[in-house]
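Step one of this worksheet: look at the structure below.
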Amino acid sequence: MTSQGTVDVLTFNLNNPGLERAERQLAYLAARPEPVLVLTETADSAGCALLEGRFGEAGYSVTFPKPERGERGVMIVSRLATRPGPAAVGYLPHRAVSVTVDTAKGPLDVIGLYVPSRDATEVKKERKRRFLEECRYALPSGLASSRIVLGDFNVLEPGHKPKYKFFQRFEYDFYDWFAKAGYVDAFRSLHPEALEYSWVGRTGDGYRYDHAHVSASLAALMRGCLYVHGPRTMSDRLTDHSALAVQLAVAPTGLLPVTDPTGADDSAPALF
């Protein structure tokens, strides 16, 4: 159970699960302490429908704009009451989902991103480039209000170690845009020299693809930011990405009376 004095947020790449894996992901996510879950690489699929339905039936707030066939997106699951957030990306909007929750210090915007991956083809490059451009225009500044932007960005920081030659300037520019817009890289600000990777290829090369950027007003309120590798590294792994948890020292309001979405004990009292 999360402390009622904090609002912590977890981003977790679902990797569009089938039903069996979705059941295991549900059990894992329901046991996490973070009251707000940003789930990326969703699809209009049976596995994602199971997660949406089970969390919703248990009283959670679920925000899940369905991606069109063959597309991927974001689902936000919250034990706090939510309302629509400020981000409105016109291109591939299901990949940029936002909600607002209330805290003792005022509203907190949570914006989840799942940036398209690409290959060497011009079509995929242009698709990714256009989405990143739309985000820069549509995402609100980090200089005002309290907000966190997190998810699977499929981009690396310019100083990433190791350096990979196939990433292009427009991808690094998106990472750099956050600082220019008044955001702070939550992990890098707390761990300036750490080498952590959220996705590892078959050859063992690591990539820090999953990010969280917080607005200037939240930077001093971060209790921690860490990668959670278990879902990726366990023997019967849940996904191909590590999760990323951001811990914020702000007290939540609007806690929902949720029950266990796994149905382990339907007679149990509400968790909150």
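Key figures
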quantity	calculated
Projected-area mean, the stretch 143-272, by convex hull of Cα positions, square nanometres	10.5
For Gly224, distant residues with modelled amide H under 5 Å away	Gln247
Cα shape, the stretch 162-201, gyration tensor, a/c 1.5 rule	oblate
Listed pairs Lys66/Lys165; Lys125/Lys180; Lys105/Lys161; Lys66/Lys124; Lys105/Lys128 exceeding 32 Å between Cα atoms	Lys66/Lys165; Lys105/Lys161; Lys105/Lys128
³J(HN,Hα), Karplus 6.51/-1.76/1.60, whole Hz, each residue of the stretch 9-20, x for Gly, Pro	10, 10, 10, 9, 7, 6, 6, 6, x, x, 4, 5
All-pairs alpha carbon distance profile, the stretch 5-130, 10 Å steps from 0, percent	13, 43, 31, 11, 1
Whole-Hz couplings from phi, Karplus 6.51/-1.76/1.60, listed for the stretch 210-215; x for Gly and Pro	9, 9, 9, 10, 10, 5
Listed residues Arg169, Arg202, Arg188, most fluctuating in the chain (Gaussian network, C-alpha, under 10 Å)	Arg202
Surrounding net charge for Val36, when Lys and Arg each add one and Asp and Glu each subtract one, Cβ distance under 9 Å	-1
Net length gained if the chain between Lys165 and Thr233 were fully extended (0.36 nm per residue, minus Cα distance)	21.8 nm
Computed label-point distance, nm, for sites Thr253 and Arg202 using a 7 Å Cα→Cβ extension	5.3
For Val250, residues with placed amide H under 5 Å, excluding near neighbours	Val7
Accessible area, probe 1.4 Å, largest first, for residues Glu122, Glu134, Glu34	Glu122, Glu134, Glu34
Estimated 222 nm signal from helices in the chain, with DSSP H stretches of n ≥ 4 weighted -39500 (n - 2.57), rounded to 500	-7000 deg cm²/dmol
Total formal charge among the other residues, if their Cβ is under 11 angstrom from that of Phe55, Lys/Arg +1 and Asp/Glu -1	-1
Accessible area in square angstrom per residue, the chain, 1.4 angstrom probe	42
Environment charge at Phe166 (Cβ cut-off 10 Å; Lys +1, Arg +1, Asp -1, Glu -1)	0
Peptides 104-110, 239-245, 86-92 ordered by average Cβ neighbours within 10 Å, highest first	239-245, 104-110, 86-92
Derived scalar couplings ³J(HN,Hα) [the stretch 99-108; Karplus, 6.51 cos²θ - 1.76 cosθ + 1.60; whole Hz; x for Gly, Pro]	9, 10, 10, 9, 10, 5, 9, x, x, 10
Accessible-area composition of the stretch 109-151, carbon plus sulfur, in percent [1.4 Å probe]	49
Order by protection proxy (mean Cβ within 10 Å, highest first), peptides 21-27, 219-225	21-27, 219-225
Dimensionless Rg/Rh of the stretch 64-159 - Kirkwood Rh, Rg from C-alpha atoms	0.99
Selection from Trp177, Leu255, Leu190 lying farthest towards where the dipole of the stretch 144-272 points positive, charges on Cβ	Trp177
Protein accessible area in the stretch 214-256, 1.4 Å probe - carbon and sulfur %	54
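The values are calculated or read from the model by the stated rules, or taken from the named source; none is laboratory data. Quick caveat: nothing in here was measured; it's all calculated off a predicted structure. So basically every Cβ, Gly included, is an ideal-geometry build from the backbone, and we count neighbours across all protein chains shown. Remember, those area values only see protein heavy atoms, side chains included, never the ligands or the DNA or RNA. Shrake-Rupley method; radii C 1.70, N 1.55, O 1.52, S 1.80 Å.
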